[in-house]
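Report on the following structure.
Where a number appears in this text, it was derived from the coordinates with a stated rule and is not lab data. Because the structure is a prediction, the values reported are computed rather than measured. We place every Cβ from the backbone using ideal geometry, glycine too, and count neighbours over all the protein chains shown.
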Amino acid sequence: MANDIVFYHAPQSRSIIVQWMLEELGQPFDMHVLNLKKNEHKASRYLAINPMGKVPAIRHGETVVTEAAAICAYLADAFPEAGLAPEPEARGDYYRWLFFAAGCVEPAMSNHAAGWDPATSEMQARFGYGSYAAVIDALANAVAGRRYIAGDRFTAADVYVGSMIGFGLRFGVIDKRPEFEAYWSGLENRPARLRAGAEAEKLASKQAWAAA
Ligand SMILES: N[C@@H](CCC(=O)N[C@@H](CS)C(=O)NCC(=O)O)C(=O)O
């Protein structure tokens, strides 16, 4: 079955990360667009795919994967010919920064954008990400002087980490540090990302038009 990836997507959402990943993969996929304003993601049919009622999700044959970072890692493994994961014995940085971005960068940025950060050292000890400042410093050090986050070639970890940094810079959730800007400038014009961005814009205006 060639065309057996179903991508559950919504415009202007985290599912743009997976759209970029799918474009990098170069595999055909069926896109199932959910209208979040119409609460289509909370309908029982979709809750059977993702009980969180959130996008993105994919179905690949009988396998369902949710969580943007997990989907990126899964697709890189499921289609090794795309070369989007390092060799298994060289995956230290790959796993480290992929999980750090999902487990630390994402909640630190979300809380910070919402105007709340763990303030006391006691709170910071309890929270897995410690503090927003520590996370951002670690992330800046991780990308400093590097074209790619895990080794000397582009991987699925760059899709996810890059998406976090690109989003953070665009919406002012992270400072425009030279490390972030240099790393992101090496990714943002990748043809696959540009295609994903153009598709996402088309879809957003289509939904907006349909709602008008
Ligand atoms: N941890 C999830 C987060 C997914 C997520 O929060 N998606 C948002 C869109 S950006 C969503 O579906 N929100 C709709 C809702 O929860 O009602 C991931 O990384 O994939």
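Structure notes:
- Over all Cα atoms in segment 5-83, the spread is summed up by Rg and Dmax: 12.0, 38 Å.
- Cβ-based exposure ranking for VAL143, VAL6, VAL64, VAL161, in which fewest neighbours within 10 Å come first: VAL64, VAL6, VAL143, VAL161
- Percentage relative contact order, the chain, counting C-alpha pairs under 8 Å, at least six apart: 22 percent
- Counted over the chain, the DSSP beta bridges are approximately 65% antiparallel.
- C-alpha center-to-center spacing [segment 36-55, segment 115-129] in angstrom: 31 Å
- A Förster radius of 25 Å combined with the Cβ-Cβ distance from ASP117 to LYS42 puts the calculated FRET efficiency at roughly 0.25.
- Per-residue [θ]222 nm for the chain (sum of -39500 (n - 2.57) over DSSP H runs n ≥ 4, rounded to 500): -15000 deg cm²/dmol
- Qualifying lysines (Cα of each under 28 Å from Cα of LYS37; at least 8 residues distant if same chain): LYS54, LYS202, LYS206
- Sorting ARG59, ARG45, ARG193 by the number of Cβ atoms found within 10 Å of their own Cβ, with the fewest placed first, yields ARG45, ARG59, ARG193.
- Pairwise Cα inverse-distance average, inverted: Kirkwood Rh of the chain (Å): 18.0 Å
- Unit charges on C-beta of K, R, D, E only; dipole of segment 5-83, Debye: 580 debye
- GluC sites (Glu not before Pro) within segment 41-111: DSSP coil, no more than 12 neighbouring Cβ in 10 Å: GLU62
- Of every Cα-Cα pair in segment 88-191, the percent that sits beyond 20 Å: 36 percent
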